[in-house]
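These notes are about the structure you will find just below.
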Amino acid sequence: MLTVSPSPHYQSDTSTTKLMRNVLIALLPAFIFSLFIYGISALILTFTAVVSCVFFEFAINKWLFKSDEYSIRDCSAVITGVLLAFNLPNTLPLWMVVVGSLVAIGIAKMSFGGIGCNIFNPALVGRVFLLVSFPADMTTWTKVSDYSVDATTGATPLGLLKESILSGKTVPQIELPSASDMVLGNIGGSFGEISVIALVIGGLFLLCTKTISWHIPVSVLGSMFIFSGIFYLVNPELNANPLFHICSGGAMLGAIFMATDYTTSPMTKCGKIIFGIGIGCITIIIRRYGAYPEGMSFAILIMNALVPLINKIKPHRYGS
Amino acid sequence: MKTFTIGGVHPKENKLSSGKKIERSPLPEKVIIPMAQHIGAPANPIVAVGDAVKIGTKIGESNGFVSASVHSSVSGVVEKIDMMPDFAGFKKQMVVIANNGKDEWEESIDRSSELNTNLNFTAEEIKAKIANAGIVGMGGATFPISVKLSPPKDMVIDNLLINGAECEPYLTADHALMLEKADEICVGIELLMKALNVTTAKVGIENNKPDAIAHMTEVAAKYQGIEIVPLKVKYPQGSEKHLIQALTGREVPPRQLPAFIGCVVCNVATTFAVYEAVEKNKPLIERIVTVTGTGMQNPSNLLVRIGTRISDVFAAIGGVPEHTDKIIAGGPMMGKAIQNIDAPIMKGSSGLVCMTEQEAHRKKESNCIRCGRCVDGCPMGLEPYLLYALSKQSMVNELIEHNVTDCFECGSCSFSCPAHKPLLDYIRLGKAKAMQQLKAEMAKKQQSENNKN
Amino acid sequence: MTIVNTIILLCAIGVLAALALYFVAKKFKVEENPLYDEVEAMLPGANCGGCGLPGCRKLAVKLVDSPSLEGLYCTVGGEATMDKIGEFLGKKVQSKEMQVAVLKCNGTCAKRPKTINYEGISSCAFAATQLSGDTACSFGCIGLGDCESVCQFGGIKINPETKIPEFDTSICTACGQCAQACPRHLIELRKTNKKDMKIYVACSNTDKGAVARKACTAACIGCGKCAKVCQNEAITVSNNLAYIDPNKCKLCRKCVEECPTGAIIETNFPPRKKKEETNE
């Protein structure tokens, strides 16, 4: 019996699962690097986050939504778990990680209807929830000196910057890590923050496989660079240089992996650039004037709320 | 390399029959010729059951301004005139002619294969010959060419564009024609230039046919004013509006004809048919059909008489391949899946693509992840994900606001969706509802204007 | 102490807000004929459009304002509701015959085999534009459920085994939405009685008899035997298809027995008495 279906009779080879798989592969260099630096604790933390995210999505789907479909098959819960873990300090108690996963999946994703329906980035919602609920645990970092496995507690570069300025020092007086230290990962922080180069490798992989387009990463990093550059030129005593800003904190991770999340970013090219510029500027403002040392998570969440408005910008129509 | 600027996708080309020489498909026992093979009013049959006809005898007269005439493609006797199903199963009026095997042609037709380069015709004479030969757009749109060559008086034509893009995967009919009949095509272009009173013409050919580009460039050098332009390979480059943008940089405004911005587009197969009609007095009675598929032993470009049943075309090449689950009339992006294999080949049938079990079925649908690939792919700059959602909710006013009527159903959105959502199906439904509402509004407006007067 | 102050303050704000709302509601109240509300309350409130007006409120307004109730009937509420309203307004109710929806197709999966496999969205309206159907009958029910989804009262269900809709006549209000939704115009609102006894030709195929029969074993072949046997001249055969006029049909069931393909359907009749064998 012949099959009759409406055109088109071709479907592209990509699928949601393949796209999610590409993102996981892109996160691999950063994960391997954090294993190398933090050892087994990185593995345990990431594993806990991933397993709890997958379990919560499966459980909510099966027992709350009463659906027969296995939505976990598309691996998006795994990515939420990995990204959440990449945002946390490695000393965080595991039960907090599970709570964070529950908030990320249960509240930020499933309560909106599952994949494709959420407004806010689930991993960031989980992270911000943990940050606001358990501020002390979420801001204790281990620092690695010269790639040795011995770790001593210390602040992240941004934390160091904020504290020093608040205590009256000027920027040239603070011993900020060098750019090469930050790029290669000789600093303290969460797994996703420390090695810029590992993240950039992942980002290039995503660009080559056409999983993401260049618009969001370039506009986020570019606007951060330019905006912080203006601040630096005006007052180098109170502002760090722009290179420091784009290599520190969650800037790279946020620009390449968090802001480019499909569901929570705009649909049109023009919209993506506006989104990226908004994130960049808000991040710098929070870092400079806000109480928190790191502003990327909040900036992304704020812009996520504006995405439905940005989506009203229509793409260029043929013939107009 | 020139291309269109908005959207576009890159489906697998699968030009399996590329480079194959045109083969003549054996003449069938009978032909079934539909009266409606074109856009516009169906032709009126002017023969009766029992009449003897020759190859090229007119059997259907053009009915109105936008219509075309239809001719017999075999010699024999008219067996039946009845409503019969086309390949989608819809009943249309068709004339069945039994082939007497004697291969008798109308006397006026010049059957020699020599190249005629006589350009001593006036524009009106050329248009009349084209109308008489029943020539319609053979790229698939099937718009009557004589109507295209007579645009409204206030529209001045300064550009003749010839469509050699053949952007649909699998199809190579135009490619084969450009390799074997380049001179005839060029003469056809000269005739069309005369009919439109222009002095230059551009032929757009996609870059996956380098031999055709080289050959056509070589041959076109012998003629005046014909420029061959290679185009980047991107679907849907062969769409009229996008060809115009790539070759001239102009964009056709919404709801307007290409003639509005001074352009007329004609397919290469149609141009060849114009040559045959004007120089050889031969009406449109046969065309090249690419019969292909990954499961096919010998994908080829066949010269088929109009009205040959699809089952007969396959029978002559050894039958439908095993494990074929879907047969498409046309290309895989915009072609229609065949329901009735005894339906005839028509003037616009450019290909028969056989899809195997693995290829024929739609993949499982999942949630929209709002990745934006549909928006990136749409060549008209629409937002398919939004039109899909609005159509599902039957929000017709919003659909019209978001320009659903601009959509020409190229399929780029459904093709690029990673969640395999049937975007184009719902957009088609929405488009139908929107057209219905717009028509009703126009009628109401017309009525209220009539009442005022 | 601060808690007590807070409570008092909040209570005071609440009382002020309540007073403000009360005065605003009084001042800006739209004066309407109070009868509109009362008649609207008597209507079922389904807003189905079966009366031809957009919503129960509009019907209530029209019932109150029109001098007579001619042309106004709520099919969902039926006789009971219309009588009540007529009595309340002091106007005469136009009685309407009882109607239910029937499907003029009995091409189940068993009787009308599939010839192709359709893969597309589950919308009859869409499928009707793409192909002539997934069976050899291009007139019959497509079975994708446009009627089921449009029925607000849940009176239509597509039977998963037969793939054609089944109408629950106890729910059917004859609002006509399903008849409008069907792209093949197979649904007819037919006159019926309190026991829902009706006889109709469950086929819409106008192809020649042999062609129709080949496509579906329950097709009407246009043989005309039913028309011959009908003593009330209720049956007409045109275009190879028979049609029973419900106004002339006296429900004698002779045509049902006579039909060679079983295309004529009778519903809710008592079982027939067995014919006794007579030796001639």
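The values are calculated or read from the model by the stated rules, or taken from the named source; none is laboratory data. If you're wondering where the values come from, they're calculated on a predicted model, not measured in any experiment. Heads up, the Cβs are rebuilt from the backbone with ideal geometry, glycines too, and the neighbour counts pull from every protein chain shown.
Within region A:176-206, how many residues are touching a Phe, Trp or Tyr at 6+ places or on another chain (Cβ under 6 Å) and more than 15 Å from A:Pro157 (Cβ to Cβ)?
The total comes to 2.
Answer yes or no as to whether A:Ala26 is farther than 29 Å from A:Met252 by Cα and assigned to a helix (DSSP H, G or I).
Here the answer is no, as A:Ala26 does not meet what is asked.
Hey, B:Phe415 hits all of (1) facing another protein chain (nearest Cβ under 8 Å); (2) closer than 30 Å to B:Ser67 by Cα; (3) not acidic (Asp, Glu) but one; which does it fall short on?
Among (1) facing another protein chain (nearest Cβ under 8 Å); (2) closer than 30 Å to B:Ser67 by Cα; (3) not acidic (Asp, Glu), B:Phe415 violates only (2).
Taking the conditions exactly as written (part of a loop (DSSP other than H, G, I, E, B), more than 14 Å from chain C (Cβ to nearest Cβ) and without any contact (Cβ under 8 Å) to a residue 24 or more places away in the chain), does B:Glu124 satisfy them or not?
no
Using the structure shown, decide if B:Met84 is within 14 Å of chain C (Cβ to nearest Cβ), surrounded by 13 or more Cβ atoms within 10 Å (Cβ to Cβ) and either in a loop (DSSP other than H, G, I, E, B) or among the hydrophobic types (A, V, I, L, M, F, W, C) (or both).
When the stated conditions are applied, B:Met84 passes them.
Scan (1) crowded, with 22+ Cβ neighbours inside 10 Å; (2) in a loop (DSSP other than H, G, I, E, B); (3) on the phi < 0 side of the Ramachandran plot for the single condition A:Phe257 breaks and write down its number.
Going through (1) crowded, with 22+ Cβ neighbours inside 10 Å; (2) in a loop (DSSP other than H, G, I, E, B); (3) on the phi < 0 side of the Ramachandran plot one by one, A:Phe257 breaks only (2).
Checking A:Ala85 against (1) of a type outside the set (Phe, Trp, Tyr); (2) assigned to a helix (DSSP H, G or I); (3) under 23 Å from B:Arg370 (Cβ atoms), which single condition isn't satisfied?
For A:Ala85, the exception is condition (3).
Read through the list (1) out of contact with any Leu (no Cβ under 6 Å at 6 or more places or on another chain); (2) in a strand (DSSP E or B); (3) surrounded by fewer than 24 Cβ atoms within 10 Å (Cβ to Cβ), then give the number of the only condition that B:Ala214 fails.
Only one criterion in (1) out of contact with any Leu (no Cβ under 6 Å at 6 or more places or on another chain); (2) in a strand (DSSP E or B); (3) surrounded by fewer than 24 Cβ atoms within 10 Å (Cβ to Cβ) is unmet by B:Ala214, namely (2).
Among the numbered conditions (1) touching a residue at least 40 places away in the same chain (Cβ under 8 Å); (2) farther than 25 Å from A:Ser5 by Cα; (3) more than 10 Å from every other protein chain (Cβ to nearest Cβ), tell me where B:Asn403 comes up short.
The failed condition is (3).
Run down A:Phe56, A:Phe36 and say which single residue is over 30 Å from A:Ile107 (Cα atoms), over 19 Å from the mean Cα position of the chain (by Cα), of a type outside the set (D, E, K, R) and away from chain B (no Cβ under 14 Å).
Result: A:Phe36 is the single residue among A:Phe56, A:Phe36 that is over 30 Å from A:Ile107 (Cα atoms), over 19 Å from the mean Cα position of the chain (by Cα), of a type outside the set (D, E, K, R) and away from chain B (no Cβ under 14 Å).
What are the residues in region C:139-159 that are assigned to a helix (DSSP H, G or I) and either touching a helix residue (DSSP H, G or I) at 6+ places or on another chain (Cβ under 7 Å) or modelled with pLDDT under 90 (or both), if any?
Within region C:139-159, C:Asp146, C:Cys147, C:Val150 qualify.
Here's a check for you: in region B:389-401, which residue that is touching a Lys or Arg at 6+ places or on another chain (Cβ under 8 Å) and surrounded by fewer than 20 Cβ atoms within 10 Å (Cβ to Cβ) is nearest to A:Val23 (Cα to Cα)?
B:Ser394
Quick check on this structure: which one of A:Ser71, A:Ser41 is more than 30 Å from B:Met334 (Cβ to Cβ) and at the interface with chain B (Cβ under 9 Å from one of its Cβ atoms)?
Exactly one of A:Ser71, A:Ser41 is more than 30 Å from B:Met334 (Cβ to Cβ) and at the interface with chain B (Cβ under 9 Å from one of its Cβ atoms), namely A:Ser71.
Can you find a residue in region C:204-222 that is under 22 Å from the mean Cα position of the chain (by Cα), surrounded by 15 or more Cβ atoms within 10 Å (Cβ to Cβ) and of a type outside the set (Lys, Arg)?
Within region C:204-222 (the criterion being under 22 Å from the mean Cα position of the chain (by Cα), surrounded by 15 or more Cβ atoms within 10 Å (Cβ to Cβ) and of a type outside the set (Lys, Arg)), the answer is yes, since at least one residue qualifies.
Identify the residue in region C:95-138 that is part of a strand (DSSP E or B), touching a residue at least 24 places away in the same chain (Cβ under 8 Å) and in contact with a helix residue (DSSP H, G or I) (Cβ under 7 Å, 6 or more places away or on another chain) and, among all such residues, is farthest from the other protein chains (Cβ to nearest Cβ).
My answer is C:Ala101.
Please state which one of A:Ile216, A:Ile197 is surrounded by fewer than 22 Cβ atoms within 10 Å (Cβ to Cβ) and in a helix (DSSP H, G or I).
A:Ile197
Restricting attention to region A:1-30, which residues are more than 7 Å from chain B (Cβ to nearest Cβ), crowded, with 20+ Cβ neighbours inside 10 Å and touching a Gly at 6+ places or on another chain (Cβ under 9 Å)?
If the condition is that a residue be more than 7 Å from chain B (Cβ to nearest Cβ), crowded, with 20+ Cβ neighbours inside 10 Å and touching a Gly at 6+ places or on another chain (Cβ under 9 Å), then A:Val23, A:Ala26, A:Leu27, A:Ala30 are the ones that fit.
Under 8 Å by Cβ, and 6 or more places apart or on different chains, what pairs join a residue from region B:3-18 that is more than 8 Å from every other protein chain (Cβ to nearest Cβ) with one that is assigned to a loop (DSSP other than H, G, I, E, B) and of a type in the set (Gly, Ala, Ser)?
Listed pairs, sorted by first residue: B:Gly7/B:Gly381.
So, in region A:104-147, of the ones that are aliphatic (A, V, I, L, M), modelled with pLDDT under 90 and over 19 Å from the mean Cα position of the chain (by Cα), which residue ends up farthest from A:Ala42 (Cα to Cα)?
Among those that are aliphatic (A, V, I, L, M), modelled with pLDDT under 90 and over 19 Å from the mean Cα position of the chain (by Cα), it is A:Ala136.
All but one of (1) buried (at least 19 other Cβ atoms within 10 Å of the Cβ); (2) farther than 22 Å from B:Ser350 by Cβ; (3) aromatic (Phe, Trp, Tyr) hold for B:Tyr170; which doesn't?
Of (1) buried (at least 19 other Cβ atoms within 10 Å of the Cβ); (2) farther than 22 Å from B:Ser350 by Cβ; (3) aromatic (Phe, Trp, Tyr), only one is false for B:Tyr170: (2).
Taking the condition of being within 19 Å of A:Leu131 (Cβ to Cβ) and among the β-branched types (Val, Ile, Thr), how many residues in region A:285-320 meet it?
4
Tell me, which residue of region B:231-250 that is over 21 Å from the mean Cα position of the chain (by Cα) and buried (at least 16 other Cβ atoms within 10 Å of the Cβ) is nearest to the other protein chains (Cβ to nearest Cβ)?
For region B:231-250, the residue satisfying everything is B:Arg250.
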